[in-house]
Each structure stands twice: as C-alpha cells, then as structure tokens.
Amino acid sequence: MATAPKEAENAIGLEEIHAERKEPPKGQKTFTVEEAVETIGFGRFHIMLFLIMGSTGVAEAMEIMLIAVVSPLIRCEWQLQDWQVALVTTMVFFGYMVFSIVLGLLADRYGRWKILLLSFLWAAYFSLLTSFAPSYIWFVFLRAMVGGGVSGHAQGLIIKTEFLPIKYRGYMLPLSQVFWLAGSLLIIGLASVVNPTIGWRWLIRIASIPGILLILVFKFIPESARYNMSRGNTAAALATLQKIARMNGVPMPEGQLQEPAKERRGRFKDLIHPKYLRTTLQIWIIWLGIAFAYYGVILASAELLERDLVCGSAAPPLQDSGDDSEESHSPCHCHFFGPAAYQTMIISTVGEIALNPVNILSINLLGRRLSLCITMGCTALFFLLLNICTSSAGMVGFLFMLRALVSANFNTIYIYTAEVYPTTMRALGMGTSGSLCRVGAMVAPFISQVLMSASFIGALCLFSSVCIVCAISAVTLPIETKGRALQ
C-alpha cells in the first residue's frame, strides 16, 4: 500500500520527458537541492531574503491601494461617474491579468530574478508617468501598465518559497503579510498628509520611491537554485547553495549535487492535463473568489466612507467641515476624505494582520485545505453582517474582521499554490492563478462602487455566495501540501 506522500505526488505529479542523465560514479554520495535546503536550514540568508523579498509587498500594496485613496480626487478633477471610477481599478487588474501569464512563462524560461527586476523597473517607470497624466483616458492606460508591472512581483514569493525549508514555509510566508500591511498603512498615512496639501500627483510620485529603492538591493538575492537545477545549470545551483551555507554558518551536505533529468518546461496545457485538471480548476476558482472578496472589501470601505452609507447614521459626511462648495454636492459625489475617514481606513487595514498568528497555527496544524475552508466560510458570514443596522464603530468592527479574514485567505492560497506545483511549472502555475485572481479583482469595483449604490444587500449576498463556493472548493482540493516536499 502506497504511503500518503506517494499518493499525493501521484495525484499532482508532472508528466516529464526524460533525456539522458548522468549517473554519479558507483558508491559516490549525492544530494539534491531539496536535501541541501533542508540541511542548510534557516539562518542569516533567510532573514535577509525575508526582508528584501518581503519588502516587495510594501511596493505592491502601495501601488494597488493607491486607487482607493485617490479615487475621490480624480472623481472631482475629471467629474467622473461611478462606472468611470470603477473602470480605473478594473484596468489596473486587467494589466495585471495579461502580464501575469506572460511573466510567469518568462520566469520559468529565463529565471525568477530577472523577471522580478524587470517588473519593478516597469512598474516604477509607468507609475511615475501616471503622475503626469493629462486626462482620465491617459490615467487609465498608465495605471493598467503599472498593474502589468506589479504582476511580476509574485516572483519574489516564488524565490522565497524555493529557498525555505519545509517546516518554515508555513510560518514565514504568512508573516510576509506584515509587509503588505506596512505598504497599505503607509499609502493611507501619506494620502492623509499629501492629498490635502500638494495633491494626488505628488502622492503617486512618492509612492513609487519604495519600488525604486528595492531595485538597488536585488543584487543581494541570488537566482533560485531549484530553477538553475531545472535548467541543468548545476554549477550555478551549487554555488548558490554554498553561498547560503556560508552565510548561515553550516556545512553543505556531503557528496555531489545530483543533476536531474532534463525536463520539459512547463506549458499551459500541463496545467489542464487530466492529472491536474481538477486541482487547477479549483485553485483558479479560489483565487478568483478571494480576489473578488478582498478588493470588494477595500473598495466597499472606501465607498462607505466617501458616501457615509452607514445604516442609521445621522452624522455629517466624513469630509472636511465647512466645505460647502458646489463641487462637494455635485452629482458625481465629489467630496474628499477627512481625517476621520483616513483613521477608519487605517483601523480596518490593521485588521489584515490581526488573525495572522491564528492563521499561521491553523495552516500548520489543520493543514492548508481545512484552514482555507474555515476562513472563507467566516468571510461569507461577515459580508452578510455588514447589512446589520449598526453604529459607525460597529461598521468599522465588521470591516476590521473582514480585512483580517480575506488577508488570511490570501496567505493560505499563496502557500498552497506555490507548494502544489513542481519547479518546472511553479511560476506558470502562480502566474495563471494570479491572472484568474485579477478577473475577480476586475469585477469587484463594479459590485462595490456601482451595484452597491443600487442594491446594498444584493452586493453583499453576491460577495457572500462567492466565498461559500470558494470554501467548498478549498475543502475538496485533491491534495494536502502540509509537510510535503517541493517537487
């Protein structure tokens, strides 16, 4: 009877075409990259890797969250209607979706590190150009290009995953959420100071600085040893592993690094091969649903604050008092966030890390599938709770919990997807999943910023239903990756 790990590998194993492989001399010890990573363990290199690659989340969060804090200003400047404001966010994720597949394919062929560097250069360049956009059309186009660049930041997660020992992946990868939180809080804090003073264009310019600074430190991170071995570049993989061992102050495994068989590179049709079809489809459904819920919460929060839709609220709108200009009463809802609105956004954003300790324990004790099912089910419940008539404080509490839950969902599916695919198609698997994720993100603005105005309960029920579908998909995934070695 086969063991559980063997059954798992068979369930998701990649059909490979093997060429001639060199066998080591008889009696000579050998080791694989996986064995070297486990032997070297966790040390100084991994801390540096965590800080640098984790910081990519700061830059990504600032670029993605930027639209939420500038939408009231561009709405006013160009007198935009609801669908036009929603279209900005949709086009950002359209760019993300298109480039995510392309960059995933390129990363599997030319390396994770090169594509990560290219994506940061691309995003920084077009982000700076956005700040000079002369019209709404140019703004939409340039932000779509920024979204395309940001899609390549996922390679940072892949590099981290491929260097981390098994027992640390379930702990270190969720902790990366701290960097996304830092980026989200930073852009909201900057917006509260920059928007009322020197304007949204300067906010965009300042927001591009972290991405530019990160480009300068990428040279300290090597290309993935797993990637080099999958390409047959044994010398480069060995040099990388030896460097990591020196940094961590531990010896390398004895013997010769085993050169694997030459493998067919990952192709899109491999993802939908009968052996993986069910797994891939369910992963895509989950990614789409999580992004739909995540960005739905963020944009719904902004709409609730901008329009003061809190049930039963008798308070004046959350904008600067004394603003009686014609603009503030325009049919385009042209008014700005005041200090109270920014404070509420910060509180709800902090929720993204509130459940991190619980999420980490759940992932490592209950496994990826059951943990994701539970958090998705709770997300569905809290979406429905938003319809309860409550005070502003109660609404903030619900938003806080929703941000915590949707963040936990993202943590878990990122880890699961990076673990479930083999090295030859890991970046492709992440790239295609990221693209489907952006489909959900593209739809979310029209639900949060357009449908919610017409039918509040209808929008909430739609978000909740999608989360329930994702919970069912999560618990029925055909393989559990907890404690499983990367293929």
key: GluC sites (Glu not before Pro) restricted to DSSP loop in the stretch 46-134 with at most 14 other C-beta within 10 Å   = none
note = Cα-Cα longer than 20 Å, checked against 167/482; 29/160; 114/160; 219/482; 160/219, kept in input order, equals 29/160; 219/482
request  = Quick one: compute the contact order of the stretch 29-162, relative version, from alpha carbon pairs under 8 angstrom and 6+ residues apart, as a percent.
outcome  = 33 percent
inquiry  = Report the gain in length on full extension from residue 391 to residue 275: 0.36 nm times residue separation, minus Cα-Cα distance, nm rounded to one decimal.
reply    = 36.6 nm
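Kindly state, to the nearest 0.05, the FRET efficiency for residue 138 paired with residue 110, given R0 = 35 Å and r defined as their beta-carbon distance.
0.65
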note = Relative contact order as a percentage, the stretch 29-258, C-alpha pairs under 8 Å and 6+ apart, gives 38 percent
query = Between residue 102 and residue 38, 0.36 nm times their residue separation minus their Cα-Cα distance comes to what?
reply = 19.9 nm
remark   = In Å², rounded to a whole number, the accessible area per residue of the stretch 29-258 with probe 1.4 Å is 37 Å²
inquiry  = Please report the spacing between the Cα centers of the stretch 399-476 and the stretch 125-162 in Å, no decimals.
reply    = 20 Å
ask   = How far, in nm, would the chain grow between residue 212 and residue 476 when pulled straight, counting 0.36 nm per residue and subtracting the alpha carbon separation?
value = 90.9 nm
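The values are calculated or read from the model by the stated rules, or taken from the named source; none is laboratory data. Just so it is clear, the structure is predicted and the values come from calculations on it, not from any experiment. All Cβ positions, glycine included, derive from the backbone under ideal geometry; neighbour counts span all protein chains shown. For the accessible areas, the whole protein counts, side chains as well, though only heavy atoms, and no ligand, DNA or RNA atoms are used. Shrake-Rupley method; radii C 1.70, N 1.55, O 1.52, S 1.80 Å.
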